[in-house]
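S.K.: One structure is given below, represented as structure tokens, and several questions about it will come after.
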């Protein structure tokens, strides 16, 4: 694997019984690259992240990471308002990982500095002492991004991190993740239902539909011809200003064919 290659998928296949989520998937991700993973529910977007996190085995093929740390940003979910856990405590859990036993003074100092650096990267210094249960959706998601950054990852996996966020906070969180990859050359795989919030940052798109996929730039993939071929239906992609609008039969409000399964 080349020095600047962070992740390499070769002939990757993921299937559950007769149901194939994707097959013959070849993808090379380089340091600092921002890749959006798009597609309707049930097509294996989150499952791809689980494979890379070691939570799911591939049915066939290989997935090779360069050995650096992997950060993970989950979907936004609210927390119990009575929870007394502070922002810095939640970030620190990302640093602790699988460490066991009592920490030495030097380890505690390293942990404290790592948490401070991670909070600074999301402009969250003032959130360090705030209880997570009273944070807004945008504030809590910034803390989750900091938690993913605390180990200084070379690869950042983001699973619908903008879900349920208002447009302003979606732009804020997207911008913070982009700033990190530019400053630290961190590669980003960003699972999302809609490309528009991250459009300014995306280098390439991996679009998954019913076992089929396309990889390319936004301009190459987000076309009526390509999406019609993927969905095997009449799909129209219209660019309005800097936004992409996808319309067609059985297409839901977020611009993707509706489905009832989850990744």
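S.K.: Please give, to one decimal in nm, the separation of the simple spin-label points placed at residue 28 and residue 217, each 7 Å out from Cα toward the Cβ.
M.R.: 1.9
S.K.: Sticking with this structure for a sec: Share of antiparallel DSSP beta bridges in the chain, in percent to the nearest 5?
M.R.: Details: 26 of 44 bridges.
Approximately 60 percent, going by the DSSP bridge assignments.
S.K.: If you don't mind, another one. Suppose the chain between residue 60 and residue 20 were pulled fully straight at 0.36 nm per residue; how much longer would it get relative to their current alpha carbon spacing?
M.R.: Details: separation 40, 0.36 × 40 = 14.40 nm, distance 1.13 nm.
13.3 nm is the gain from fully extending residue 60 to residue 20.
S.K.: Which value, in Å³ per residue, describes the convex hull spanned by the Cα atoms of the chain? Could you put the intermediate results ahead of the total?
M.R.: Values: hull volume 38.3 nm³, N = 263.
Looking at the chain, the number lands at 146 Å³ per residue.
S.K.: Here's another thing I want to ask about it. So how many Å³ per residue does the convex hull of the Cα atoms of the stretch 173-217 work out to? List each step's numbers first, then the result.
M.R.: Values: hull volume 3.4 nm³, N = 45.
Taking only Cα atoms, the stretch 173-217 has a hull volume of 77 Å³ per residue.
S.K.: With N denoting the number of residues in the stretch 85-149, provide Rg(C-alpha) divided by 2.2 N^0.38 Å, to two decimal places.
M.R.: On the way: Rg = 11.6 Å, N = 65, 2.2 N^0.38 = 10.7 Å.
Taking N as the residue count of the stretch 85-149, the ratio is 1.08.
S.K.: Please work out how much length the chain gains when fully extended from residue 77 to residue 96, using 0.36 nm per residue of separation minus the C-alpha to C-alpha distance, in nm with one decimal.
M.R.: Details: separation 19, 0.36 × 19 = 6.84 nm, distance 2.16 nm.
Between residue 77 and residue 96, full extension yields 4.7 nm more.
S.K.: With labels modelled as points extended 7 Å from the Cα through the Cβ direction, what inter-label distance (nm, one decimal) is found for residue 89 paired with residue 53?
M.R.: Each label point is offset 7 Å from its Cα along the Cβ direction, giving 2.2 nm.
Where a number appears in this text, it was derived from the coordinates with a stated rule and is not lab data. Because the structure is predicted, anything quoted here is derived from the model rather than measured. In this analysis, Cβ positions are derived from the backbone assuming ideal geometry, glycine residues included, and neighbour counts consider all displayed protein chains.
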